[in-house]
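Report on the following structure.
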Amino acid sequence: MCRIGLLVFRHVKRSVLAFPVALVLAVAGCSTSSDDSAASAQSASVVTSTTAEPTEVELKIGDTVLFGRDPVGSATLLSMEINPECEYSSYDPEGSDAKRGRTTHVALEFSIEASPDGNFINIPSLSISERDKDGYTANTLAHSDDTSYCLDFDERLSTVDAGEKVRGWVLLAAEEPEGEFVWNLQRDGKKVVIPFSTSNPNTATASPPSSVDLPAPRQVNYQELADKLTEIGDEPFPITAQEAEETAGMICGILELDPEQDGAVDRMIDEIVESEDVPREIAARMINLLVEYECPGVGA
């Protein structure tokens with residue numbers, strides 16, 4: 001059972017903004033439909049998302065990428081270390097990561113610069129997943145459970161406040177000794193790929209940039225979004241700008257934590273159609289509109 005506390009905007013007739021629980025279930029893997037219903041939904045004609053197919057770029061040492069929707073900030077990969085020494089006496093080589101079958105540690109050193117107009121960055125929640133050499137992506141994030149036993153508190157990245165610039169390490173855990181990490185940047189639909197291999201540690205080090213020119217935050221007209229949602233959904237009462245903003249932000253937050261990413265919007269639409277008996281065309285138009293306004297390029 002999924003216990004998820006969410007804001008429910010209205011208790012009126014069926015409204016696309018009145019079933020945020022269904023949105024969560026669609027992406028979090030807590031579907032309320034049976035296997036037969038899910039198969040039926042998948043076999044139905046699919047309304048595709050309006051977002052662009054993400055492109056993948058290899059992130060090499062010394063490269064800088066922007067991430068986040070506003071964007072949140074920039075990250076420069078400074079160095080990489082495979083299976084670093086975990087010197088704390090409390091470290092158990094057969095502990096948390098090993099018990100989950102994740103036997104390879106990869107330490108990545110980043111220089112992170114947060115946008116002064118954004119929110120704080122929670123590094124452990126970044127959407128980074130392992131993909132093996134056969135192209136299969138893990139369904140959980142790759143952040144190591146052994147971080148506190150392997151990295152000193154002062155050297156690991158945790159949270160970065162708005163306008164702050166920090167340098168530190170992120171420890172990832174992989175099931176295979178060779179593969180790649182895929183980071184969903186949530187900006188323009190792009191992903192970066194970071195290859196790793198125990199036979200090629202790639203421990204070169206780059207100097208962090210003095211500063212990165214971060215673009216200004218996107219300006220979203222939530223009243224315009226609310227008016228369009230009201231019209232599409234034929235709502236009995238006008239949707240407010242605050243309701244539109246909160247719903248769009250919730251959807252984007254869910255999509256950012258979806259380790260699969262590809263097709264996430266369509267899975268959300270399918271679940272809503274199946275569980276809430278909403279016409280597919282209306283569900284697709286409203287969900288795609290929310291994504292287009294708040295998180296373009298996400299969940300394509």
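The values are calculated or read from the model by the stated rules, or taken from the named source; none is laboratory data. Bear in mind the structure is a predicted one, so any value in this text is a computation, not a measurement. Positions of Cβ are backbone-derived with ideal geometry, glycine not excepted, and every protein chain shown enters the neighbour counts.
Condition check ((1) of a type in the set (V, I, T); (2) within 20 Å of the chain's Cα centre (by Cα); (3) within 30 Å of V291 (Cβ to Cβ)) across all residues:
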site	(1), (2), (3)
K60	no, no, no
L66	no, yes, yes
P84	no, no, no
T103	yes, no, no
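Please state which one of K165, K99, K133 is at pLDDT below 90 and of a type outside the set (S, T, Y). Spell out how you get there, then give the answer.
On the way: K165 fails: at pLDDT below 90; K99 fails: at pLDDT below 90.
After ruling out the rest, the residue left standing is K133.
I'd like to know if the range 110-122 contains one or more residues that are polar (S, T, N, Q), touching an Asp or Glu at 6+ places or on another chain (Cβ under 9 Å), outside any loop (DSSP other than H, G, I, E, B) and under 29 Å from I254 (Cα atoms). Walk me through it before giving the result.
Applying the first criterion (polar (S, T, N, Q)) to the range 110-122 yields 111, 115, 119, 122.
Next cut, touching an Asp or Glu at 6+ places or on another chain (Cβ under 9 Å) only: 115, 119.
Subset that is outside any loop (DSSP other than H, G, I, E, B): none.
No, because not a single residue in the range 110-122 is polar (S, T, N, Q), touching an Asp or Glu at 6+ places or on another chain (Cβ under 9 Å), outside any loop (DSSP other than H, G, I, E, B) and under 29 Å from I254 (Cα atoms).
On the basis of being of a type in the set (D, E) and surrounded by 19 or more Cβ atoms within 10 Å (Cβ to Cβ), does E176 make the cut?
Working: of a type in the set (D, E): yes; surrounded by 19 or more Cβ atoms within 10 Å (Cβ to Cβ): yes.
So E176 passes the test.
State whether the residues of the range 194-201 include one that is touching a helix residue (DSSP H, G or I) at 6+ places or on another chain (Cβ under 8 Å) and buried (at least 16 other Cβ atoms within 10 Å of the Cβ). Before the answer, list the steps.
We begin by selecting, within the range 194-201, every residue touching a helix residue (DSSP H, G or I) at 6+ places or on another chain (Cβ under 8 Å); these are none.
Within the range 194-201, none of the residues are touching a helix residue (DSSP H, G or I) at 6+ places or on another chain (Cβ under 8 Å) and buried (at least 16 other Cβ atoms within 10 Å of the Cβ).
Restricting to the range 204-239, name every residue that is farther than 30 Å from A107 by Cα, within 27 Å of the chain's Cα centre (by Cα) and of a type in the set (S, T, N, Q).
Q219, N221, Q223
Mind checking whether some residue in the range 65-76 is surrounded by 16 or more Cβ atoms within 10 Å (Cβ to Cβ), at pLDDT 85 or above and in contact with a Lys or Arg (Cβ under 7 Å, 6 or more places away or on another chain)?
We begin by selecting, within the range 65-76, every residue surrounded by 16 or more Cβ atoms within 10 Å (Cβ to Cβ); these are 65-76.
So of that shortlist, the ones also at pLDDT 85 or above come out as 65-67, 73-76.
Imposing the further condition that a residue be in contact with a Lys or Arg (Cβ under 7 Å, 6 or more places away or on another chain) reduces the set to 66-67.
Within the range 65-76 (the criterion being surrounded by 16 or more Cβ atoms within 10 Å (Cβ to Cβ), at pLDDT 85 or above and in contact with a Lys or Arg (Cβ under 7 Å, 6 or more places away or on another chain)), the answer is yes, since at least one residue qualifies.
Pick out the one residue from L185, L151 that is in the same structural domain as T140 (by TED's automatic domain parsing), surrounded by 14 or more Cβ atoms within 10 Å (Cβ to Cβ) and either within 30 Å of R285 (Cβ to Cβ) or out of contact with any strand residue (DSSP E or B) (no Cβ under 9 Å at 6 or more places or on another chain) (or both).
Working: L151 fails: either within 30 Å of R285 (Cβ to Cβ) or out of contact with any strand residue (DSSP E or B) (no Cβ under 9 Å at 6 or more places or on another chain) (or both).
Residue meeting the stated conditions: L185.
Hey, among E178, E224, which residue is of a type in the set (D, E, K, R) and not assigned by TED's automatic domain parsing to the domain that holds I123? Steps first, answer last, please.
Details: E178 fails: not assigned by TED's automatic domain parsing to the domain that holds I123.
It is E224.
Any residue in the range 111-118 that is more than 24 Å from S207 (Cα to Cα) and either at pLDDT 90 or above or of a type outside the set (G, A, S) (or both)? So that I can check it myself, show each step before the final result.
Taking the range 111-118 and keeping what is more than 24 Å from S207 (Cα to Cα), we get 117-118.
Applying the additional criterion that residues be either at pLDDT 90 or above or of a type outside the set (G, A, S) (or both) yields 117.
Looking through the range 111-118, at least one residue is more than 24 Å from S207 (Cα to Cα) and either at pLDDT 90 or above or of a type outside the set (G, A, S) (or both).
Would the range 85-102 turn up any residue that is surrounded by fewer than 14 Cβ atoms within 10 Å (Cβ to Cβ) and among the aromatic types (F, W, Y)?
Yes.
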